[in-house]
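Working notes, beginning with the structure itself.
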Amino acid sequence: MGRSATTERNRERKFSRMTGPLDGVRVIEFTEIIAGPVSGVMLSDLGADVIKVEPPWGDPWRDGGGPFAEHESRAFIAVNRGKRSIQLDLTKGDGRAAAHRLVENADIVVTNHRPDVPAKLGIDYDTLSAINPRIIYAEASAYGLKGPYSGGPGYDVLAQAFSGIMQSEGIMWRGVPRMIRTTPFVDFATGYAIVQSVCAALYHREKSGRGQKIGTSLLANAMTTLSGHLARIPGNPTKPQQWHDEDLPMLRQAGLSDNEINDLYYEARWFPSAMLIYYRPYRTEDGLIAVACLSDPLRKRMADCVDFEDRRFQPGYDLEAPESVEFADDLLVRVEELIVEKTSEDWLRLFHGAGVPAMPVQFVEGLLDNEQAQANDLVIEQDHHAAGKMQLVGPNANFSDTPLDAVLPSPALGQHTAEILGEAGYSGDEITALLESGAALG
Amino acid sequence: MTGPLEGIRVIEFSQIIAGPVSGLLLSDLGADIIKVEPPWGDPWRAGIAPITDSESKGFITVNRGKRSVCLDLNSEEGQAIVHRLVSQADVVTVNNRADVLDALKIDYDTLKKIKPDLVYSEITAFGRQGPFAGNPGYDLLMQGLTGIMAAEGNMDGYQYGDQKLNEGVPRYLSVMPMVDYATGYSVVQSVCAALFHRERTGQGQKIETSLFANALTIQGLSLTQVENAPSPTFDFVQNELPLLREAGLTYREIDAIYRERRPTPFGAFIYYRSYQTADQVITLGCLSEPLRKRAADCLGVTDIRFDEGYDPTTEQSIEFAFTLARKVEEMIKEKTAEEWLRIFNAAGVPAAPLLYIEEMIDHPQSHATGMIIEQQHPVGGRVRYAGPLSRWSETQPEPVRISPARGEHTREVLSEAGYSQAEIEAFHKVGSAKTG
């Protein structure tokens, strides 16, 4: 198996070689589970020094999906590489004082607790900005800090449920809509949002000298990514909007079950399927491919390749007329029959030759060995203290002048407590005392 | 103050979704976004839910906050105008093929000579290296190629009237183009980090990211393989899959085997899934042991999986898990959604009602957090959609603009760039710049 260039570089480099546009920036991460930790990974990819402050029991996600040792799981490693771990008990005065001393010399604080927790632990913005007025404080909540659900707990699956993602996908499983489970996408979107906000705030601080507090939420990012569905224009009502305004209240009042409502919902929202034949997966003679033609020129090329006529390209054609819908349905079946006659390889050669966007459908497990991923340095290899050699997804951008280099694996619980306290100016004796009192652990 | 990027100017050459999403998010952060469109406009103007030939809801959604300048970059005059705009800008975003960038003279090497500290962000489909380097990329292809579609594995097809479409092949996730959005986010974080770096060092630079890179990033949890403890699904893909494909099994047959190899059968989850209550559907989201125990207490069930030394792989364990799941399903049907939410909330168990996306537009939670903004579109009328996704204590961004008509701001922007009215009229006449 060929290793990427980044992987080779990782082998030779030590932690001291810091690169990336955020070189010299220090982040204190008081976060758990996924969304907050993902932001820490990305910030570390950008070159920041990320210190993960963990409670005595550790980030609960250490026992998340795929546990293989005490306090270590695959899921934890995936969203905590690039960080150092310090273990402090913030309910103890000394532990809290140590956290405050870390914040004195930091640039960024990231939290993702329930809104009332930071103040209880002494890590709220008011407290920390009094200690370090230049601090940039990013707080990810579940549903925002205002409104009836502001205190509610937030997890990807709840955000999917609450924001309509789950209903809209409508993958029914044992009688109820199932979550999208490939990726906790709302968590990842929120992680991205924290990073972009923090970087924008760093730029602003560089110009103005001022730090600030930034709040984002799972709901905010679920909705951002759902913007396409949320754009409603009175005067141009969509079928889903009409359905929501007129049918839904009636159906609920009439006491229909959610399953019955669901069936009606999917029917109502399948308006975009007119051009479905050009943007979907197909069964070939020996496997699966996906085609993705989002504009008429591309659709025409695909029609030529597969060799069928689509009269809907005529100017002024009414896609919504009943005979148009019937035409679309018939054509769909015909195209399926045509595509199943050749192998995936045949189709991909044909489509690529004609400039039609098309790709094979694959399993995620094959990607680490994927030539494309390797060629673009997307797969890195790290040595983990408990897991040994492991492959992970690396940084997702290349910078021409400040190249990114993911070096640190995810830390053992409290692995760097003594090291970080030492850097913060605690003497050897003081560190020993903190460890003995249990205010710091590791 | 209108956001941390106030005073930053971005020239957006990118089209369709991923690139434009980055422009939208940058405008939310306070940057001035100039969208340079070809004479025929961004093809996404004719995207989903069309209003006119050059306006659609798909386009409006990802292009608010921008001004539009319409230029013909195949003409030397158009190129000269763009170069003047770039000389007065901070950031350029592109998502074209490499040969197109060169032909239009908007490649990094050319623009860097004009503006040495330029931050140049390039989105490709697959990166500039590797066997797929030149291939086009769309969200759907990434879903298929990177395993998103296969992992969701929903092959029931779409109900359309009385027939099912797409049966037997995995459905794509259609509620949002998640890979496009992830890539848009990624561009913004890179651009902001590069602006910070430029502020400290005076250096600009080129940043590349790809749909492919971000598709992998958001699947980081699935991809975490520990080499000395490989998962059954990795073993399956590496060892069994090639044989099954060679043997000519259908996708449905292969999928069934893939699903069996999952370490925890999906059906065994009881703490992180949705449930039918006596009336509506609710969702539970317990990801840690203490929360799961609280949920079990609320339900009054004993779960042997909390026992010390529990082995999840034995046949009895799996049998237990499925039996318990069925039992809990029956229990939850006995009370209404409201009752269960009250019980779970009181006990600190993460739970939420299941809503439709359309309900978000009027939901008190969306409004309380300022997540729904309302604007007037000259053609479309009132538009309501998701607003800026973060709150800032010092530099709160404000969405100021609706998405522009094609070339709506050509005159205004060229005039700001120092062109005279006579020059602008001349450009319009020959077609190198279109004034709307």
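The values are calculated or read from the model by the stated rules, or taken from the named source; none is laboratory data. Note that the structure is a prediction, hence the values are computed from the model and not measured. Note: ideal-geometry Cβ built from the backbone for every residue, glycine included; neighbour counts use all protein chains shown.
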How about region A:44-143: which strands (runs of 3 or more DSSP E) wholly inside it have at least 2 residues that are buried (at least 20 other Cβ atoms within 10 Å of the Cβ) and in contact with a strand residue (DSSP E or B) (Cβ under 6 Å, 6 or more places away or on another chain)? A:49-54, A:83-88, A:108-111, A:136-141
Within region A:273-328, track down each residue that is of a type in the set (Lys, Arg), modelled with pLDDT of 80 or more and surrounded by 13 or more Cβ atoms within 10 Å (Cβ to Cβ). A:Arg283, A:Arg299, A:Lys300, A:Arg301, A:Arg312
Condition first: surrounded by 13 or more Cβ atoms within 10 Å (Cβ to Cβ), in contact with a Gly (Cβ under 8 Å, 6 or more places away or on another chain) and in a loop (DSSP other than H, G, I, E, B). Can you find one or more residues in region B:341-350 that meet it? yes
Check on A:Glu365, under 23 Å from B:Met149 (Cβ atoms) and touching a residue at least 24 places away in the same chain (Cβ under 8 Å): no
Is region B:394-412 home to any residue that is more than 30 Å from A:His204 (Cα to Cα), within 13 Å of another protein chain (Cβ to nearest Cβ) and of a type in the set (Val, Ile, Thr)? no
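Mind checking which residues of region B:228-260 are touching a strand residue (DSSP E or B) at 6+ places or on another chain (Cβ under 7 Å) and surrounded by 14 or more Cβ atoms within 10 Å (Cβ to Cβ)?
Looking only at region B:228-260, we keep the residues that are touching a strand residue (DSSP E or B) at 6+ places or on another chain (Cβ under 7 Å), and these are B:228-229, B:231, B:234, B:251.
Selection gives B:Ala229, B:Ser231, B:Phe234, B:Tyr251.
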Mind counting the residues in region B:23-44 that are buried (at least 22 other Cβ atoms within 10 Å of the Cβ), assigned to a helix (DSSP H, G or I) and out of contact with any strand residue (DSSP E or B) (no Cβ under 6 Å at 6 or more places or on another chain)? 3
Restricting to region B:175-213, count the residues that are without any contact (Cβ under 8 Å) to a residue 24 or more places away in the chain, part of a helix (DSSP H, G or I) and facing chain A (nearest Cβ under 7 Å). 6
Has region B:113-122 got at least one residue that is part of a loop (DSSP other than H, G, I, E, B), under 23 Å from the mean Cα position of the chain (by Cα) and not aromatic (Phe, Trp, Tyr)? no
Go through (1) away from chain A (no Cβ under 14 Å); (2) hydroxyl-bearing (Ser, Thr, Tyr); (3) under 26 Å from the mean Cα position of the chain (by Cα) and name the single condition B:Thr93 misses. (1)
Take region B:44-55 and flag every residue that is modelled with pLDDT under 85 and either farther than 16 Å from A:Glu320 by Cβ or over 17 Å from the mean Cα position of the chain (by Cα) (or both). B:Ala46, B:Gly47, B:Ala49, B:Pro50, B:Ile51, B:Thr52, B:Asp53, B:Ser54
Hey, among the residues in region A:66-88 that are more than 9 Å from every other protein chain (Cβ to nearest Cβ) and free of Cβ contacts under 8 Å to residues at least 12 places away in the same chain, which one's farthest from the chain's Cα centre (by Cα)? A:Glu70
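Among the candidates A:Asp156, A:Asp63, which residue alone is touching a helix residue (DSSP H, G or I) at 6+ places or on another chain (Cβ under 8 Å), facing chain B (nearest Cβ under 8 Å) and without any contact (Cβ under 8 Å) to a residue 24 or more places away in the chain? Write out each step before concluding.
Numbers: A:Asp156 fails: without any contact (Cβ under 8 Å) to a residue 24 or more places away in the chain.
Result: A:Asp63 is the single residue among A:Asp156, A:Asp63 that is touching a helix residue (DSSP H, G or I) at 6+ places or on another chain (Cβ under 8 Å), facing chain B (nearest Cβ under 8 Å) and without any contact (Cβ under 8 Å) to a residue 24 or more places away in the chain.
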